[in-house]
Structure formats: structure tokens, C-alpha cells
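Okay, structure first, notes after.
Laboratory data are not the source of any read-out in this text; all were calculated from the coordinates shown. As the structure is a prediction and not an experimental result, all values here were calculated from the model. FYI the Cβ positions are ideal-geometry reconstructions off the backbone, even for glycines, and counts take in every protein chain you see.
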Amino acid sequence: MSASMTSGTYPRAARPGNKLFLRGLNAVWAFLRDLGIQRARQHLNQLAAQREALDPALARMLRDAARHAGEV
């Protein structure tokens, strides 16, 4: 028995137009975005700590960038 997207035999969550599917997709995307922002902040702060002695102005800019990471 073959099935097509219009036959109604697919589960509702597999349909891209389903609100539950889209909410789940948005939740995964938000999680990945937040994880990326957190990792970027950690990395920028590590770079700032490494550069503090050699270039305090650069370290300050890196910390500022870390503080504002993820803002649009």
C-alpha cells in the first residue's frame, strides 16, 4: 500500500504545516542558537584573558563583545 502526503496516512507531526511540528522545530532552533551564543561568550572571554597582559584594550573589546553576543 503506497502513501502520499495527501492520502492522510502520515502521522500529523510529520507534516510541515502542523503547529506542533513547527513549535518543536522552533524550540530546537532556539536551543541551538542559545548554545552557540553561550559557546561564543566563553571563547571570547578566554581570548580576553589570554590577551589581557599584552593588549588590555583588545581584551576589553573582547569582553564587551562577549557581553553583547547574541544581541540583534
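Brief remarks follow.
- Residue by residue, segment 56-67 carries 3J(HN,Hα) couplings of x, 5, 5, 4, 5, 5, 5, 5, 4, 4, 5, 5 Hz when phi is fed to the Karplus relation 6.51 cos²θ - 1.76 cosθ + 1.60 (θ = phi - 60°); x denotes Gly or Pro.
- Once the Cβ-Cβ distance of Ala40 and Arg60 is raised to the sixth power relative to R0 = 25 Å, the FRET efficiency obtained is 0.90.
- Zone residues, segment 25-45, relative to Val72, backbone N less than 18 Å from point 7 Å out along Cα-to-Cβ: 25-38
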